[in-house]
Amino acid sequence: MVGLKEMGKNFVQGGALLLGGAGFFLYQSVFTVRDGIMSNSWPSTPGTVIEARIEQYRTTGGTTSEKTIGHFFYQYNVNGEDYVSSRLNFFSISGDPVTAAKAHEPGQQVQVYYDPDDPERAVLEPGLPGFFVWLSLGFGVLLFVGFVSLTFFGDFGAIFARMRG
């Protein structure tokens, strides 16, 4: 039979992993929202789509399924230096390469918005693309607060109190 002390140790380890994951998710969400907001004021330059294609293939190994991969890249120039990027926008369901490859063709002219402090960072759609970003940020906050409260004030806390005494 597993003792209360061993069970509490397992809860602490599990709680720490979940709390770390929630903290990382929150961290990423906050910076993605910040970058999306900042990109609204970035300068723009003309660019050209250099690759936009979709590959579909079958995978086997227990079950057969179809896999779709998008390849999407565009080139742009800032202060005489050429850059290549694949980012459509910040943190959007529509920001994936498959969606971008479906919406663009090689040779197509695009407007590229780039970070003036780091021109390698660029997007074709500045700003925050919608509800999903805010939902993600809210979910990150809820996860983080939930795991902190559960670990220190909820059932885990009761288990630790019993262990002490």
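Within the option set 55, 81, 120, 66, being at pLDDT 95 or above and more than 30 Å from residue 20 (Cα to Cα) holds for one residue only, 81.
Take the conditions (1) touching a Ser or Thr at 6+ places or on another chain (Cβ under 7 Å); (2) of a type in the set (Gly, Ala, Ser); (3) at pLDDT 90 or above; residue 127 misses just one of them, which is (3).
Given 47, 61, 95, which one is buried (at least 16 other Cβ atoms within 10 Å of the Cβ) and at pLDDT below 80?
Details: 47 fails: at pLDDT below 80; 61 fails: buried (at least 16 other Cβ atoms within 10 Å of the Cβ).
Unique residue meeting the criteria: 95.
State all residues of the stretch 104-117 that are of a type in the set (D, E, K, R) and modelled with pLDDT under 95; if no residue qualifies, say none. Break it down stepwise before answering.
Step one: filter the stretch 104-117 for residues of a type in the set (D, E, K, R), giving 105, 115, 117.
The one that is of a type in the set (D, E, K, R) and modelled with pLDDT under 95: 105.
Evaluation of residue 22 against the conditions (1) modelled with pLDDT of 70 or more; (2) surrounded by 16 or more Cβ atoms within 10 Å (Cβ to Cβ); (3) among the aliphatic types (A, V, I, L, M) shows that the sole unmet condition is (1). Cβ-Cβ distances below 8 Å connect no pair with a first residue in the stretch 30-53 that is without any contact (Cβ under 8 Å) to a residue 40 or more places away in the chain, a second residue that is part of a strand (DSSP E or B) and buried (at least 18 other Cβ atoms within 10 Å of the Cβ), and a separation of six or more residues or different chains. Screening the stretch 109-129 for residues that are in contact with a Leu (Cβ under 8 Å, 6 or more places away or on another chain) and assigned to a loop (DSSP other than H, G, I, E, B) and picking the one that is farthest from residue 87 (Cα to Cα) gives 125.
Residue 52 meets the conditions (1) farther than 24 Å from residue 31 by Cβ; (2) assigned to a loop (DSSP other than H, G, I, E, B) in every case but one. The failed one is (2).
The values are calculated or read from the model by the stated rules, or taken from the named source; none is laboratory data. Note that this is a predicted model, so its numbers are computed, not measured. Note that we place each Cβ from the backbone using ideal geometry, even for glycine, and neighbour counts take in every protein chain shown.
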